[in-house]
Amino acid sequence: MGCEQAVEPPTEQADTTTSDLEPASQPQGSATPTELKSGNMFYMVRDVADLQLKAGSYVEQLKQTQTELQTAVEAKDTQQLQSTATQLQQQLSSFNQVLGNLNLKSQEIDQIRNNMMSANQQVLASPLLNGQVDFSQVDLKKIESQMVNVQAEMVKLAGLLIQNPEQKQG
């Protein structure tokens, strides 16, 4: 019976973390109202975890859709190309929305987010995603290049965490 009383105090701490889950109406691509910190390993780890948790599945979906897009072009299947292009457009738009709504606290991860959003916007601006289904004008290399940029930014996230402790030692 005496043990039950010791369980109650930690419940107050759980309430403080819910404020991080409410960045819903934040404009896309803008810095958070609070000043971003540079070089703070705690914030970087927190931001990387948050970004990977909320955006990691999009990267996998985008890889799959990119493969489907390539298959449609190679098969010259107009119907599949239109369908896949629409799917890619929806995924990229949702991905940008998720990225824009992240409540980041570190400059380094904010820069990576901005790079990813920029790469996404370039793909979204491609003729294919704007209704042009002319196979001769489908530039898969350009789309692939932009998708590789997004993937490279995700790799940078992990690289930042690995390199940063070494920089502090030297």
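Derivation of every value follows stated rules applied to the coordinates shown; laboratory data play no part. Since this is a predicted model, take the numbers as computed values, not measurements. A quick note on method: Cβ atoms are made from the backbone with ideal geometry, for glycine too, and the neighbour counts reach across all protein chains shown.
How high is the FRET efficiency from L124 to N40, r the C-beta distance, R0 30 Å, rounded to 0.05?
Details: r = 32 Å, r/R0 = 1.07.
After rounding, the FRET efficiency stands at 0.40.
Take the Cβ-Cβ distance between D139 and N103 as r, set R0 to 41 Å, and report the resulting FRET efficiency rounded to the nearest 0.05. Write down the numbers at each step before the final one.
Values: r = 35 Å, r/R0 = 0.86.
Computed FRET efficiency for D139 and N103 comes out at 0.70.
How far apart, in nm, are two points set 7 Å out from the Cα along the Cα-to-Cβ line at K63 and at Q80?
2.1
Sequence neighbours fewer than 8 away in the same chain don't count; with that in mind, list the lysines whose C-alpha is under 25 Å from K76.
K63, K141, K142
What order do you get for 67-79, 106-118, 44-56 when each peptide is scored by the mean count of other beta carbon atoms within 10 Å, highest first? Walk me through the numbers before you get to the answer.
Values: 67-79: 14.2, 106-118: 19.8, 44-56: 17.0.
Highest to lowest by the protection proxy: 106-118, 44-56, 67-79.
Grab the Cα-Cα distance for Q132 and K54, subtract it from 0.36 nm times how many residues apart they are, and report the gain in nm with one decimal. Mind dumping the intermediate values first?
Working: separation 78, 0.36 × 78 = 28.08 nm, distance 3.12 nm.
Stretched out fully, the Q132 to K54 stretch lengthens by 25.0 nm.
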